[in-house]
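Trainee: Once you've had a glance at the structure underneath, I'll fire off some questions.
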Amino acid sequence: MRRRASLVLLAFAVFFAALSPLIRWYAFPRLAKIPPSQYQDMVLEAKNATLLDYATMKSKKVPKVSIVQTLKGNVAAAEKIKDRTGRDVVVWDTLSYVADDKGKMVSQIPERYVFDAHSQEPVHAGGEHVDGDPVRRQGIEYKWPFLTEKRDYAYFDFQTRTSGPIHYKGTRTVRGIETYYFEQTIPWTKVKVPKKLPLGATPETVEQIGLERWYTTKRMFWVEPVTGAPVDGQEIHKEEMRWKDQPGKKPLTAFAGHVKMRPDFQDATVDLVSSQRQLVLMMTSYLPWGFLALGGLLLAASLVLEARAPKGRGELRARPRRPRGPRRRTESPPHETRGLLGLFVRRVGSADAGSSGHGCLGYRPRSSARTPR
Amino acid sequence: MRALIAAGIGLAAALALVLAVTAIGAPPGETSEKPLHTTVPAHP
């Protein structure tokens, strides 16, 4: 009975020990992904910002500018791309909506972002755009990969429609969570005018006035490394309308401000990231290490049971009944023990005699087996 | 020999479980009915 139990324990030991690397290196990369149906919103604010008043074409100070970012997963589009490419993708339709302190629209820029659900690498399957202009993204946007590394990443800037490095600058603690801090600076660059502006202004009317839009920003992200989700984001953002062919004329500040996450949205993000972090850690740490330890314990228990199991019983049960007659003492050749310990221990010179035909209860000490009747 | 068989059963069961779970995966869900915001939400 003990020998059978030790074999069952051995099977479970191997089961759990094998699950450990399988979960970490096979299941996790396939199961950890951004759901294609995700919907998420975020409000960022710039207090005491400068805005361009399109009615007077003069810059003015406002108490607050809000930037509302919404990400909406398009499941049907993701499934179409999956059918075509065989890849798990996420299609985010996003909108960056900028509103002044009275809630009136300052600008809005829609985007379509197609990326690999597991690695967050962009997937060029058609349909990617920024404000209606086709783009070909390189690098990440909005979210870092699961298990973010301490290194620079390429980050797509939707204003310039180009990618540039976002530099890893060390670890920081944000609301009790250890984060990786990343920073990117976009130098003054001429960028396209958003297609939706206040008072019906369009890129064409802005051009007719003789203006062009320039932009610079210092972008900062505090990324929770297990999930790759930013728990804080800030930008020191400046936009100017510069006079074409009139370098001496003072540019108009279209927007200037220090943009930060609104505290209630940051709280919600921290809560969400904290719960998702536990799920990822479950797959990458808790289960693999737990199962490995459990496998080791079960193996130890199995070995202990095997060591305590009666020796030689396997042979006794396996042998046919010896016909009645005078008993002879014989020596068997050296052979391996059966069962689990047989993998590790060689047993030499056990007595071959002693079969009593008692089946599972037939164990007798060797000394009694050798005792003539 | 029996030990090897027991170990093989454990390994096969682990492989089968992981392959089954990863093959099933997670349901894709549906596109949210909620709109892309063109107003500032009062709360998350």
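Throughout, read-outs are computed from the coordinates displayed, never taken from laboratory work. For clarity, every value in this text was computed on a predicted model and none was experimentally measured. Reconstructed Cβ throughout: ideal geometry from the backbone, glycine too, with neighbour counts over all protein chains shown.
Trainee: Kindly provide the Kirkwood hydrodynamic radius of the range A:1-115 in Å, to one decimal, from all pairs of distinct alpha carbon atoms.
Mentor: Mean inverse Cα-Cα distance, inverted, gives 18.9 Å.
Trainee: Could you list, in their original order, any pairs among A:Lys150/A:Lys196; A:Lys60/A:Lys244; A:Lys143/A:Lys249; A:Lys64/A:Lys195; A:Lys80/A:Lys260; A:Lys192/A:Lys249 whose Cα atoms are separated by more than 28 Å?
Mentor: Pairs exceeding 28 Å: A:Lys150/A:Lys196; A:Lys143/A:Lys249; A:Lys80/A:Lys260.
Trainee: Where does the protein assembly as shown land at 222 nm, in deg cm²/dmol rounded to the nearest 500, when only DSSP H runs of n ≥ 4 count, each adding -39500 (n - 2.57), divided by all residues?
Mentor: -9000 deg cm²/dmol
Trainee: Could you give each residue of the range B:20-28 its phi-based ³J(HN,Hα) in whole Hz, using Karplus coefficients 6.51, -1.76, 1.60 with θ = phi - 60°, and x for Gly or Pro?
Mentor: 5, 5, 6, 5, 5, x, 10, x, x
Trainee: Moving on. Can you tell me the convex hull volume per residue for the range A:34-261, based on C-alpha atoms, in Å³ to the nearest whole number?
Mentor: Expressed per residue, the convex hull around the Cα atoms of the range A:34-261 is 128 Å³.
Trainee: I've got another one for you. Quick one: Karplus J couplings for the range A:214-226, per residue in order, coefficients 6.51, -1.76, 1.60, θ = phi - 60°, nearest Hz, x for Gly and Pro?
Mentor: 10, 8, 9, 8, 10, 9, 10, 10, 10, 10, 6, x, 5
Trainee: May I pose another question? With a 10 Å Cβ neighbour count serving as the proxy for reagent exposure, in which order, fewest first, do A:Thr94, B:Thr22 appear? If you can, show how the numbers build up before the last one.
Mentor: Numbers: A:Thr94 19, B:Thr22 16.
So the ranking, lowest neighbour count to highest, is B:Thr22, A:Thr94.
Trainee: Same structure, new question: On the principal axes of its Cα set, how long, how wide and how thick is the protein assembly as shown? Give whole Å, largest value first.
Mentor: 122, 42, 36
Trainee: Output wanted: per-residue J couplings in Hz (rounded whole) for the range A:79-90, from phi through Karplus 6.51 cos²θ - 1.76 cosθ + 1.60, θ = phi - 60°, x for Gly and Pro.
Mentor: My calculation for the range A:79-90 gives 5, 4, 5, 5, 4, 7, 10, x, 9, 6, 10, 10 Hz in order.
Trainee: Okay, next question. What FRET efficiency, computed as 1/(1 + (r/R0)^6) with R0 = 60 Å and r the Cβ-Cβ distance, is obtained for A:Asp133 and A:Tyr286, rounded to the nearest 0.05?
Mentor: Step by step, r from the Cβ atoms, then E = 0.85.
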